[in-house]
Amino acid sequence: MPFHSNDRLAVFIDGANLYSAARALQQELDFRRMLDWFGARSRLVRAYYYTAVIEGEEFSAVRPLVDWLGYNGFSVVTKPTKRLTDAHGHSRLKGNMDIEIAVDMLELSAHLDHVVLFSGDGDFRRLVEAVQRRGVRVTVVSTLKTQPPQIADELRRQADDYLDLSDLMAEFGRVKPA
């Protein structure tokens, strides 16, 4: 196992990416069990959860989760989604949190021994490399056990350790109701 009890550890969760991976595995996460699991294996300094939210909606599916996480040990970072329209008039929502994750991870890395990144996004390879140059070990959590795999090969290769989300579900997952 890549964890040491004296390590100062922080968890960074790319919410949209983790949701996509868990859904592909037909699983749901128990975030309280997740915090307990990491806390039992290290000195958990902080756990961040990043997600974009749709502003102005009466009800947002992510709002109850964001509220619960904020009251239960997570530092929640949100920003409003943006509606983009292409030349053909097709509209889509965009809410990328990569910069927020990168800034927070780089700023906190001076106070950490180990970082866990829940994301399979290959854009994070350079971030992982930068944090490693600061002497911090990086574990990436995503999954190869879906079609297509949820983790970019370059991110998995850059990480010091890789944990497959499907293997961790026994520790902090629950089967999604059918």
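Every number here is computed from the coordinates shown, using simple stated rules; none is lab data. Note that the structure is predicted; figures quoted are calculated from it, not measured. Note that we place each Cβ from the backbone using ideal geometry, even for glycine, and neighbour counts take in every protein chain shown.
Things worth noting here:
- Remark: relative contact order (the chain) = 28 percent; criterion is Cα-Cα distance under 8 angstrom and separation of 6 or more residues.
- DSSP-loop trypsin sites (Lys or Arg not before Pro) across region 102-173, with at most 16 other Cβ within 10 angstrom: Arg134, Lys145
- Taking other residues whose beta carbon is less than 15 angstrom from the beta carbon of Glu171, and scoring Lys, Arg as +1 and Asp, Glu as -1, yields -1.
- P(r) tail for region 1-131: Cα pairs beyond 22 Å make up 42% of the total.
- Gyration tensor over alpha-carbon atoms, region 87-178, equivalent ellipsoid semi-axes in Å: 24, 21, 13
- Annotation for region 13-61: chymotrypsin sites (Phe, Trp or Tyr not before Pro) lying in DSSP loop with at most 12 further Cβ atoms inside 10 Å of their Cβ are Phe59.
- Region 26-40 and region 72-151 have Cα centres spaced 19 Å apart.
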